[in-house]
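So the structure is just underneath, and the comments pick up after that.
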Amino acid sequence: MPLAMTDLDFLLARASDPTTFDRWLNLARSTGWCERPVRLAGSTIRVDPGTGEIVTAYTTADEPGGHLLKACGARRATVCEPCSMTYRADAWHLIAAGLRGGKGVPPTAATHPILFVTLTAPSFGPVHSRRTKDGIARRCRPRRTPACRHGRPTRCREIHPADDERLGEPLCADCFDYVGAVLWNAHATELWRRTTIGIRRHLAKVLGVGSSRFVDHAGLSYAKVVEYQDRGLIHLHVVIRLDGPAGPEEAPPEGLTVEEFEAAVVAACQRTRFSYPSIDDVDRDIRWGEQLDVRRVAADSVTPAAVAAYIAKYATKSTDAFGRLDHRLTENDLKDLGVRPHLERLVMTAWELGGRPELEHLKLRRWAHTLGFRGHWLTKSRRYSTTLGALRAARAQWSAQRRDPSSGIAEAAAVKDWRYVGRGWDNPGDEWLARTAAAAKAEAREFARAAGLAERGG
C-alpha cells in the first residue's frame, strides 16, 4: 500500500522514540493487528483486601497516545480480516474439541459415532451454477427444457468460471420464488430444531423406548455453521455426535450403532417439514432440499481436523462477497445497496414482507441484510464442547497477566475505572504499520500452512 507524504510524517514521529515505539508495538500486536481497534482510557488498581495496600497500579496515562488498544472482535472477514482469523481459530478449536477431545471434553468422545452433515435449501427456481465432477467444470444447465411461462430459456450450456457474476442469478427472475426463499431462510433455525427432535425420535424407536425417555438412555450433541450459497439461500454444515445420557463422558448404549445413527439422521432430514400459513395465496412447506450429504467422521477419509477446518472457514463469511450487507439496514440504505440484482431483490422482498402485520413476529426488516435468516452463524448444543466465551476469557486472562502479572492474584481486589475513547488507529501512519504487519503475519501463516502440507505429503 503506497504511503503519502503526510502519512510518512506520522510514521517518522512514531518511530522517533524507540522506547515509546516499542510500547506502541506491543499494544498494537496485542490486538492481532486489528483494522479498527477500540481505544480505552482509564486505570486498574489492585488492592490487598486485608491491608488496603496497593499491590499494583496500571494506568493508560503512561501508554503511547494515553489509551489502551483492544481488538474490535469482528467475525466477518470483510469487516476486519485479523479479528476474523482469531474468530476462525476459536471456531476451529470449538469444533475440534468435540471431535477429538480437549478443552474439557474427554478424549473418549472421539470414539462415539460422529457424523458430518451438509443440509441445503430446496429449489425456488433455476439459477446459474458451477457444477464440477472429478475436478472438471461442467456445463451449467445443459438439459433441453422448454422456455418458462415468461418466454425465457430455462437452460444454460455455458461453463461458468468461478468468478462469474451470474452465478446464483436466476435464469428468470420473474419465475424465482423470492417470497418463499426469504421465508425459508427465516425458518431454517426452526427446521433444524424440529430435525433434531426427529433424530431423537428415530433413535428412541431403535432403543424401544418412548421419545420422552430418550434422554435417559442417550444424548445428542452438535455444532453447526451457516454458509450462504450464491443464490442467497443458506447451507448448514453440522457435526452431530451420539453420546450417553451423561454427555461426552459416557458412551452411547450398545444398541445404537453408527449405521443406525446415520439412518436416523437421514430419515429425520428427509421427513421433517412443516407448513407455513399461505402468503400471497401460495401454500409453502418448510423442508430441506434434496441434496443431503452425510459422512462418518474418522471414516470415509473424513478426519476431525479436516472437518473442523472446513466448518470454521465458513464462520467468517458474509452475506455477500464484498461485505455490503454486513450491517442492519435502514430505509435510506435501500436506495443504493451496491449488490448484484438477485441479492438486492431478496433484500427488498425481506423488507416488504417485514412490513406485513401477519409477519411482524419474524422481524424481517431487522434481518433484511441477512436475507431473512434470523439465527447465529455458529451454534452448538450445550454438551458438544467448550464455548467461544470460555476461549475468549482464557485468552483475555493470558493477555492481562502478560501485561500485569498481579492480575492473576485472586486475593487482590481490582478497582477499575475505564471509558471508551474511540475506534480506529490514531493516525494514518499507525494504520499503515498495522496493515503491513497484518499482511506479513497472514503471509507467514500461509507459508507455514503450505510447508506443513508439503511435509505431510498433501
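The values are calculated or read from the model by the stated rules, or taken from the named source; none is laboratory data. Note that the structure is predicted; figures quoted are calculated from it, not measured. Using ideal geometry, Cβ is built from the backbone for each residue, glycine included, and neighbour counts are taken over all protein chains shown.
If you check Ala186, Ala181 for being closer than 23 Å to Ile286 by Cβ, touching a Lys or Arg at 6+ places or on another chain (Cβ under 7 Å), in the same structural domain as Ser381 (by TED's automatic domain parsing) and among the hydrophobic types (A, V, I, L, M, F, W, C), only one passes: Ala186. Selection of region 1-55 for residues being at pLDDT 85 or above, of a type in the set (A, V, I, L, M) and not in a helix (DSSP H, G or I) yields Val38, Leu40, Ala41, Ile45.
Has region 330-348 got any residue that is under 30 Å from Arg271 (Cβ atoms), touching a residue at least 24 places away in the same chain (Cβ under 8 Å) and not aromatic (Phe, Trp, Tyr)? Yes, region 330-348 has at least one match. Checked against the criteria, Val117 counts as touching a residue at least 40 places away in the same chain (Cβ under 8 Å), assigned to a strand (DSSP E or B) and under 20 Å from His235 (Cα atoms). Applying the criterion of being in contact with a Lys or Arg (Cβ under 6 Å, 6 or more places away or on another chain) and closer than 30 Å to Gly50 by Cα to the residues of region 412-437, the residue that is surrounded by the most Cβ atoms within 10 Å (Cβ to Cβ) is Ala412. Confirm whether Val226 is outside any helix (DSSP H, G or I), β-branched (Val, Ile, Thr), under 30 Å from Leu343 (Cβ atoms) and modelled with pLDDT of 95 or more. Answer is no for this residue. When region 176-232 is limited to residues that are among the hydroxyl-bearing types (Ser, Thr, Tyr) and farther than 23 Å from Ala251 by Cβ, the one that is surrounded by the fewest Cβ atoms within 10 Å (Cβ to Cβ) turns out to be Thr189.
Exactly one residue among Leu99, Leu69 is under 30 Å from Arg328 (Cα atoms) and either assigned to a loop (DSSP other than H, G, I, E, B) or modelled with pLDDT of 90 or more (or both), and that residue is Leu69. So which of His342, His361 ends up being in the same structural domain as Leu242 (by TED's automatic domain parsing), surrounded by 13 or more Cβ atoms within 10 Å (Cβ to Cβ) and in a helix (DSSP H, G or I)? The conditions single out His342. For region 313-339, a tally of residues being within 20 Å of Cys80 (Cβ to Cβ) and part of a helix (DSSP H, G or I) returns 2.
For the structure I just gave you, tell me whether Ala312 is modelled with pLDDT of 95 or more and buried (at least 20 other Cβ atoms within 10 Å of the Cβ). Answer is no for this residue. In this structure, does Val179 turn out to be on the phi < 0 side of the Ramachandran plot and not in a helix (DSSP H, G or I)? Considered against the rule, which asks whether it is on the phi < 0 side of the Ramachandran plot and not in a helix (DSSP H, G or I), Val179 comes out as no.
Taken as a whole, region 420-434 holds at least one residue that is assigned to a loop (DSSP other than H, G, I, E, B) and either within 30 Å of Val339 (Cα to Cα) or at pLDDT 90 or above (or both).
Per-residue answers, yes or no, for (1) closer than 21 Å to Phe176 by Cα; (2) surrounded by 18 or more Cβ atoms within 10 Å (Cβ to Cβ):
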{"residue": "Asp293", "(1), (2)": "no, no"}
{"residue": "Val297", "(1), (2)": "no, yes"}
{"residue": "Thr303", "(1), (2)": "no, no"}
{"residue": "Lys317", "(1), (2)": "no, yes"}
{"residue": "Asp320", "(1), (2)": "yes, yes"}
{"residue": "Glu331", "(1), (2)": "no, no"}
{"residue": "Trp351", "(1), (2)": "yes, yes"}
{"residue": "Gly354", "(1), (2)": "yes, yes"}
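For the residues Arg143, Arg75, the requirement of being within 30 Å of Thr44 (Cβ to Cβ), at pLDDT below 90 and assigned to a loop (DSSP other than H, G, I, E, B) singles out Arg75.
Scanning region 253-282 for residues that are β-branched (Val, Ile, Thr), under 28 Å from Glu358 (Cβ atoms) and loosely packed, with under 15 Cβ neighbours inside 10 Å yields a single hit, Val282. Total residues in region 326-343 satisfying the condition of being touching a helix residue (DSSP H, G or I) at 6+ places or on another chain (Cβ under 9 Å) and closer than 23 Å to Arg75 by Cα: the figure is 8.
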